[in-house]
């Protein structure tokens, strides 16, 4: 029968015209035996316990051993109706009725051809991870290939076993068909895929666009969101209008979120994202909800050296400055008044929406003590308080919460020349003082400590007058005279003209410094607190007294004529 078919074929060829020769070859080519190494596409007709019968389009069908389809678990990976690659197996014993075929060799040959093309054209191929081996993974890409651990992913993979059994895309990085050596890289395939997705995503993105993404990584300053091949940075400041201490308070890795594109730099592939921008900004209507003068409640979220921040609602915080916490000026730190987490009531002092600032006050919940200070204290009354602060010009004494008075350095002592308030007072000590002046409008209160004692000058002027001789100690010499201490805190001046003559150049002094002597008061000015003294006046007084005494004695020794006649007459009568 076969010979008859050959004869018919030869006759048809002989009788045909040249232009029909090519068509005839195509029509009868299936009758010729397949060539060595030719890969055929066959149709599975039947699957038996030992063989798979395949129609390859030739006059005879082929068979493939069932073992070529048996999987490691014993299952058969073929069934009737499947299309498979096969090739003639010349090495196997010939059969009378069927052509001996090999699916494994055909599959392997096709795989090498595909791998060679993929290697030359830098194409990705699909493979199944078979298992873990030393240094990496074994991957089935038609032939068994080696995937180094360093090329398993774009990032280091701690658990390579997680990839076993997965179908993955890889790039061929090394190919040696003669040795059957194939090295592949999943990392390169992923990078190519990521680059393509990044390019497509960048081209599609626009500023202001609302897009979906997956939180890829969380840092202290924000979160990186995968938008599809490219990451965008969602800064912690753009996550919420409220206070966010750490991004992990709002987001988790792997979480799907919707964000808004705030900035886009296609050249540098940088994208800034925002989450809070999807909601209305609470500061736009903050003046309506928190008018100045209103009382509000909030939670203390932060305490600093200069004040405390209070959250009135998510995204809106107000500052209670340290100066607005209490009417007193002695507070050292805001933490003495409030702590983080406290619920506090305060008064809105000022609202600046553009600057996103609200000023709050605590002390305004209580009346200002300065408004009634004039009703509660009178000039001349004695008060007691704690010394709060010392300065070069005086001391501040707090006589009640929020009311400080100043004791000027000149009002510390009548008698002592005070160079610094610390010579008389110590910070923190309790002290009494006299109210000298009240200026409630300017929040000033003048106090005096020396006024608690009698004025030494006033006492001296009451007890002495011009012409008195007093005893005093020379404290110092000036170019114009000597200063003399007459009483504690009371000094008089003895001008050079009122001193005995002395040689100043020779260092002489009529009364040495520190010595006491008698002086005569020749001038007194109570208003200006000036006392003029004189040593010469005492000498002049003494000389005048001696002269007067001499004159009296001389007068007593000299008798007038009348007194002599009288005395003579008295003698004769006797």
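The values are calculated or read from the model by the stated rules, or taken from the named source; none is laboratory data. Note that the structure is a prediction, hence the values are computed from the model and not measured. Here the Cβ positions follow ideal geometry from the backbone for every residue, glycine too, while neighbour counts run over all protein chains shown.
Descriptive notes on the structure:
- One residue alone among 412, 425, 390 is at pLDDT 90 or above, within 21 Å of residue 489 (Cβ to Cβ) and surrounded by 12 or more Cβ atoms within 10 Å (Cβ to Cβ), and that residue is 425.
- Residue 198 being in the same structural domain as residue 153 (by TED's automatic domain parsing), out of contact with any helix residue (DSSP H, G or I) (no Cβ under 7 Å at 6 or more places or on another chain) and under 30 Å from residue 163 (Cβ atoms): no
- Here the condition is being farther than 29 Å from residue 450 by Cα and in contact (Cβ under 8 Å) with a residue 12 or more places away in the chain; of 510, 501, it holds for 510 alone.
- Taken over the range 428-438, the criterion of being surrounded by fewer than 15 Cβ atoms within 10 Å (Cβ to Cβ) and either closer than 18 Å to residue 451 by Cα or modelled with pLDDT of 90 or more (or both) is satisfied by 429, 430, 432, 437.
- Every condition in (1) farther than 30 Å from residue 207 by Cα; (2) over 22 Å from the mean Cα position of the chain (by Cα) holds for residue 253 except the one numbered (1).
- The criterion of being out of contact with any helix residue (DSSP H, G or I) (no Cβ under 6 Å at 6 or more places or on another chain), touching a residue at least 40 places away in the same chain (Cβ under 8 Å) and assigned to a strand (DSSP E or B) does not hold for residue 170.
- No other residue among 443, 376, 388 is within 48 Å of the chain's Cα centre (by Cα) and closer than 30 Å to residue 296 by Cβ apart from 443.
- Criterion: closer than 30 Å to residue 333 by Cβ, in contact with a helix residue (DSSP H, G or I) (Cβ under 6 Å, 6 or more places away or on another chain) and either at pLDDT 90 or above or surrounded by fewer than 16 Cβ atoms within 10 Å (Cβ to Cβ) (or both) - qualifying residue of 306, 241, 290: 306
- Screening 138, 75 for residues that are over 23 Å from residue 59 (Cα atoms), free of Cβ contacts under 8 Å to residues at least 12 places away in the same chain and in the same structural domain as residue 52 (by TED's automatic domain parsing) leaves exactly one candidate, 75.
- Those strands (runs of 3 or more DSSP E) of the range 393-440 in which at least 3 residues are in contact with a strand residue (DSSP E or B) (Cβ under 7 Å, 6 or more places away or on another chain) and either under 18 Å from residue 371 (Cα atoms) or not assigned by TED's automatic domain parsing to the domain that holds residue 379 (or both), considering only elements entirely within it, cover 403-408, 430-439.
- Every test in (1) exposed (fewer than 14 other Cβ atoms within 10 Å of the Cβ); (2) at negative phi; (3) in contact (Cβ under 8 Å) with a residue 40 or more places away in the chain is passed by residue 257 save one, and that test is (1).
Every residue, every condition in (1) modelled with pLDDT of 80 or more; (2) in the same structural domain as residue 130 (by TED's automatic domain parsing); (3) in a strand (DSSP E or B); (4) surrounded by 11 or more Cβ atoms within 10 Å (Cβ to Cβ), yes or no:
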| residue | (1), (2), (3), (4) |
| --- | --- |
| 57 | yes, no, no, yes |
| 80 | yes, no, no, yes |
| 92 | no, no, no, yes |
| 96 | no, no, no, no |
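- Selection count where residues are in contact with a strand residue (DSSP E or B) (Cβ under 8 Å, 6 or more places away or on another chain) and under 20 Å from residue 188 (Cα atoms), scope the range 95-122: 6
- The combined condition, being in contact with a helix residue (DSSP H, G or I) (Cβ under 8 Å, 6 or more places away or on another chain), surrounded by 12 or more Cβ atoms within 10 Å (Cβ to Cβ) and under 23 Å from residue 453 (Cβ atoms), is not fulfilled by residue 397.
- In summary, residue 284 fulfils each of the numbered conditions (1) exposed (fewer than 15 other Cβ atoms within 10 Å of the Cβ); (2) without any contact (Cβ under 8 Å) to a residue 60 or more places away in the chain with the single exception of condition (2).
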